[in-house]
1. Counting other Cβ atoms within 10 Å, which trypsin sites (Lys or Arg not before Pro) in region 86-143 have at most 14 and lie in a DSSP loop?
2. Work out from phi, with θ = phi - 60° and the Karplus expression 6.51 cos²θ - 1.76 cosθ + 1.60, the ³J(HN,Hα) of each residue of region 184-198, listed in order in whole Hz, and give x for Gly and Pro.
3. Please arrange Val170, Val121, Val69 by accessible surface area, largest first, computed with a 1.4 Å probe and ligands excluded.
4. In percent, what relative contact order does region 1-152 have, based on Cα pairs under 8 Å that are 6 or more apart in sequence?
5. Within region 2-82, what whole-number % of the accessible surface is contributed by carbon and sulfur, with the 1.4 Å probe and all protein chains included in the calculation?
6. Over region 102-199, with every protein chain in place, what whole percent of the accessible area is carbon and sulfur at 1.4 Å, could you tell me?
7. Take Trp53, Trp143 and sort them by solvent-accessible surface of the protein heavy atoms, 1.4 Å probe, largest at the top.
8. Check which residues have an amide H placed less than 5 Å from Tyr183's amide H, if you skip close sequence neighbours.
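The values are calculated or read from the model by the stated rules, or taken from the named source; none is laboratory data. Just so it is clear, the structure is predicted and the values come from calculations on it, not from any experiment. For neighbour counting, all protein chains shown are included, and Cβ atoms are generated from backbone atoms with ideal geometry for every residue, glycine included. Ligands, DNA and RNA are excluded from the accessible area calculation, which covers all protein heavy atoms including side chains. Shrake-Rupley method; radii C 1.70, N 1.55, O 1.52, S 1.80 Å.
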Amino acid sequence: MKPDTSYWQKSFSGGVNFNQTSFSNWSGGGVNSMALGAAIAARALYEKGKTSWDNTADLQLGYVTQLGVTRKSADQIILISVLGHKIAPKWDLFVSGTFNTFFAPGYRYDKLPTDQTRLRVSNFFAPAQLTLSAGIAFKPNDWFSLRMSPIAPRFTFLSDQGVRVSADPVTGLYVPNPNVTVYGVPPGQKSRTEWLAFQLQTVINRNLTENISLNARYQLFTEYAHLDNINHRLDLLLTAKINRYLNTTFGLIALYNKDFSDNLQIQQTLAIGLVYNLSSFRGPKEPDKPKDPNGRF
């Protein structure tokens, strides 16, 4: 007997973007370059009665090559799972888990000693963050949700101690420093735990027009003991469909976290490329039409 899958809705979107430029005897100058990137967005939603289980994955990886040197241009792993139970028409109680890290090593290329061309500052699971949360969610419709979690412990992992770098106080150049705290993890340790914390998450997943969709996610996190250090993260993806297999995307990640940097961090991408979409999500329900006394619509 086959299992009943009618309570599941699933979607998958995968894309590959490629860009290449070359010059030969070009008087205006220029640099040969090639860029390749891939992105995957997947979702699986279970709904039965008052219970829902929403799982999403956002994956990105890209590289650019110039003058024979290859550098990473995009890198992201975000996995989110939310288990909810409806307590009112627009309100849920929920528990959730959010995990994020990188696929590959990341390097710094500027402000380095003359004998170094790059310095590793990140890697797979360096850092990685896992946030477990519980709270109440406001879901007025099928494209917006607001989740508030007064209980939200977060665990930060650092599997590669080689990413500990800092600026030399005399020269201002970045050098390896095993005695510096990075990503909030103290020297000599591989993890950090923030037990008493609050998290707020807002998610928008909506088709603006027939061919344009918006996916946006905002996260706020802070420890109760350090309310002067509030972490903010905004992920935005705007997709415009050209035809069945071609689209253009604009992506933006804005991050403010004093444990990572004292400055606002921004990653922006604009790409056109091949895409493959597959979805079993049902469209919004049509409202019931009123009947007249004679039974006609």
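1. Answer in residue order: Lys90, Lys111, Arg118.
2. x, 9, x, x, x, 10, 10, 7, 9, 10, 10, 6, 9, 8, 10
3. Descending accessible area places them as Val170, Val69, Val121.
4. Details: 333 pairs, mean separation 22.2, N = 152.
In percent, rounded to a whole number, it is 15.
5. 58
6. Whole-percent figure for carbon plus sulfur exposure: 61.
7. On the way: Trp53 100, Trp143 75 Å².
Largest to smallest exposure gives the sequence Trp53, Trp143.
8. Here nothing satisfies the definition.
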